[in-house]
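The values are calculated or read from the model by the stated rules, or taken from the named source; none is laboratory data. The structure presented is a predicted model; accordingly, all values stated were derived computationally and were not measured. Cβ coordinates were reconstructed from backbone atoms using ideal geometry, including for glycine residues, and neighbour counts include every protein chain displayed. In case anyone asks, the SASA skips ligands and DNA or RNA and just uses the protein heavy atoms, side chains included. Shrake-Rupley method; radii C 1.70, N 1.55, O 1.52, S 1.80 Å.
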Amino acid sequence: MEPEAVCALRDVSFTYPGAAAPAIQGLDLTIRRGEWVALVGANGSGKSTLAKILNALLIPTRGDCFSCGYRTDREEHHWAIRSRISMVFQNPDNQIVASVVEEDVAFGPENLGVSPGRIREIVRESLCQVGLEEKRRTPTYALSGGQKQRLAIAGALAMRPECLVLDEATAMLDPQGREDVLKILRELHSKGMTLVQITHRLEEILDATRVVVLRNGQIEWEGELPELFERVDRFPEWGLEIPPLVRLTGLLKKRKVLPASCLPSVKELLEHLCP
Amino acid sequence: MKFLNHLTLGQYVPANSFVHQLDPRCKILSVIALLAGIFLMVHPAAFFAWGGLLLLLSRFSRISFKVVLQGARPVVLLVVFTAGIHLFLTKGTVLWEWGFLSVTREGVTMALRMGLRLFFLVLFAGFLTLTTSPMELSDGLESLFRPFERFGFPAHEMAMMMTIALRFIPTLFDETERILRAQIARGADLEHGGLFRRMKAFIPVLVPLFVIVFQRAEDLALAMEARCYRGGSGRTRMNPLAWKKSDTFAIAGVIAIVAFFVLLDLKG
């Protein structure tokens, strides 16, 4: 495993019990410290399975997976892995354990055996990071969907992880809730946190440093975001939807209104169209 | 379909009050003492005392009495049913008779007594959940059950199960409401017809609800595992339980009230 690697998968395959085909097949992937890796692909492409493998919630049926230097197939390593790689799931309602905001954030550090004083500090810091410090004593059922997901992120951050894995964490949120979560991710990444973001909304991965496209449990393509948008012709095959801005940019490039090298950002588009 | 609205069963209402700040063990033991008192005593004055105590608790906990009463809504039918059984099946001096049904003087007394007992029981138990967060309740129960661990009793597991059950009550009510609306929108008639027909009409509500409950349970287990949960061993608490003087005074006060009415009963 490379010294800078947070996760390394070597020829990893995983088949769910009773399933005819593997969900993940011969996958090789390295996630380096400080990276923001976006895992994209159609439903059933193996994105969520891969996320669970990284967190040692699923153990590969073949191959080796190392998370934070620990082999995930050893049960004695699971606790160490999960305290370093935190996960945020799709439905916030299914990951909130406690009935009061601060108690839920404290759940992880309590499991790690952190001292009460330090837990209170961590809870305060984590709630500040997600902008929920004023909701500290609020019942969790009284939060909005976006606030619940921010609470789930605070719960994950309270573990003081090296890497945060988000499994379609914005899928059930309204546009404002999505933007709030993405803002938190941008801030975490700017502070050096390694992020693995699973999504099928390409407009949400504009800040990712690397994109991995999964198809039928295999890596179909991997590279940087601008390169991905040069391959829009393959999007239907990969089960990806072309974002409206990318579609517009593509059309403008075809009509030579925009240069071929232009990146699909609103700012650049504006600069070209309204100099 | 408004019957799931305003339910406070198992819900926690955070507030900075004297009752909220009491140790959960003190509150659990006080409720047990009160429940025993409610069932042991027959003196009519006791019921006024319970009512008065509830009003006092509502004031000291800064929770409106209306919210407290809402907690008893789901069991109103049970209270009426219990009172009805005692009203019609208790033998004694007949006050009114119609066919095989008869109402006796003793029946009226018994119906009132049993109905009120059940009503107060629910309200006092409701107070516990209104003023104690499930996590605190779980910590309190775990601490009280700990002596039984040496006999193999799973204290932590029981307490955690209860925490999660209480946490999911509002979520499952929401879920039920959503399924009800969806089925009504698709033409399900849940409000008309006889009892059997209405029970049958609820099957399309219960089946998806059970599926969702199992799915949620699996997801929650995974999320807890991802947050390093592995049972009670090595687990610390953000707010460790600490018995204070106010807890001793509170439980002594409750025991004194219960003891006073027991003595009143014994003398009367």
Check your understanding: Is it the case that the stretch B:74-91 has a residue that's in contact (Cβ under 8 Å) with a residue 60 or more places away in the chain and either more than 21 Å from B:Ile169 (Cβ to Cβ) or open to solvent by 20 Å² or more (accessible area, probe 1.4 Å) (or both)?
Key -> yes
Point to revise | Condition check for B:Met238: at the interface with chain A (Cβ under 9 Å from one of its Cβ atoms), part of a loop (DSSP other than H, G, I, E, B), open to solvent by less than 40 Å² (accessible area, probe 1.4 Å) and hydrophobic (A, V, I, L, M, F, W, C) | key: yes
Point to revise | Candidates A:Pro92, A:Pro109 - the one that is surrounded by 21 or more Cβ atoms within 10 Å (Cβ to Cβ), within 22 Å of A:Arg186 (Cα to Cα) and within 10 Å of another protein chain (Cβ to nearest Cβ) | key: A:Pro92
Study note, to complete from the structure: Residue hits (the stretch A:41-83; under 22 Å from A:Asn111 (Cα atoms) and in a strand (DSSP E or B)) are A:Ser67, A:Tyr70, A:Arg71
Study note, to complete from the structure: Residue count, the stretch A:28-62, condition crowded, with 24+ Cβ neighbours inside 10 Å and in contact with a helix residue (DSSP H, G or I) (Cβ under 7 Å, 6 or more places away or on another chain), comes to 5
Review point. Does the stretch A:122-142 include one or more residues that are within 23 Å of A:Arg33 (Cα to Cα) and facing chain B (nearest Cβ under 7 Å)?
Key: no
Study note, to complete from the structure: Going through the stretch B:241-255 in order, the residues found to be open to solvent by less than 60 Å² (accessible area, probe 1.4 Å), more than 30 Å from A:Leu157 (Cα to Cα) and within 24 Å of the chain's Cα centre (by Cα) are B:Asp247, B:Ala250, B:Ile251, B:Ala252, B:Gly253, B:Val254
Review point. Within the stretch A:206-219, is there a residue that is farther than 26 Å from A:Glu268 by Cα, in a strand (DSSP E or B), among the basic types (Lys, Arg) and touching a Gly at 6+ places or on another chain (Cβ under 8 Å)?
Key: yes
Practice item. Within the stretch B:214-235, track down each residue that is open to solvent by 40 Å² or more (accessible area, probe 1.4 Å), in contact with a helix residue (DSSP H, G or I) (Cβ under 9 Å, 6 or more places away or on another chain) and modelled with pLDDT of 90 or more. Key: B:Gln215, B:Ala217, B:Glu218, B:Asp219, B:Leu222, B:Glu225, B:Tyr229
**Study point:** A:Pro243 vs. criteria out of contact with any strand residue (DSSP E or B) (no Cβ under 7 Å at 6 or more places or on another chain) and surrounded by fewer than 19 Cβ atoms within 10 Å (Cβ to Cβ)
**Key:** no
Check your understanding: Only one of (1) over 23 Å from A:Gly177 (Cα atoms); (2) within 10 Å of chain B (Cβ to nearest Cβ) fails for A:Val101. Which number is that?
Key -> (1)
Check your understanding: If you check B:Asp247, B:Asp189, B:Asp174, which single one turns out to be more than 11 Å from chain A (Cβ to nearest Cβ) and in a helix (DSSP H, G or I)?
Key -> B:Asp247
Check your understanding: If you go through the stretch A:165-175 one residue at a time, do you hit one that is outside any strand (DSSP E or B) and under 27 Å from A:Arg62 (Cα atoms)?
Key -> yes
Study note, to complete from the structure: Restricting attention to the stretch A:73-85, the residues that are surrounded by 24 or more Cβ atoms within 10 Å (Cβ to Cβ) and either farther than 30 Å from A:Asp11 by Cα or within 7 Å of chain B (Cβ to nearest Cβ) (or both) number exactly 1
Review point. What are the residue pairs meeting all of these: first residue in the stretch A:33-45, first residue under 13 Å from A:Gln218 (Cβ atoms), second residue among the charged types (D, E, K, R) and not in a strand (DSSP E or B), Cβ atoms under 8 Å, and 6 or more apart or on different chains?
Key: A:Leu39/A:Lys47; A:Gly41/A:Lys47
Point to revise | Number of positions in the stretch B:202-244 that are farther than 26 Å from B:Phe153 by Cβ and without any contact (Cβ under 8 Å) to a residue 12 or more places away in the chain | key: 12
Review point. Mind checking whether some residue in the stretch A:185-200 is in the same structural domain as A:Ala51 (by TED's automatic domain parsing), open to solvent by 70 Å² or more (accessible area, probe 1.4 Å), more than 30 Å from A:Ser126 (Cβ to Cβ) and not polar (S, T, N, Q)?
Key: no
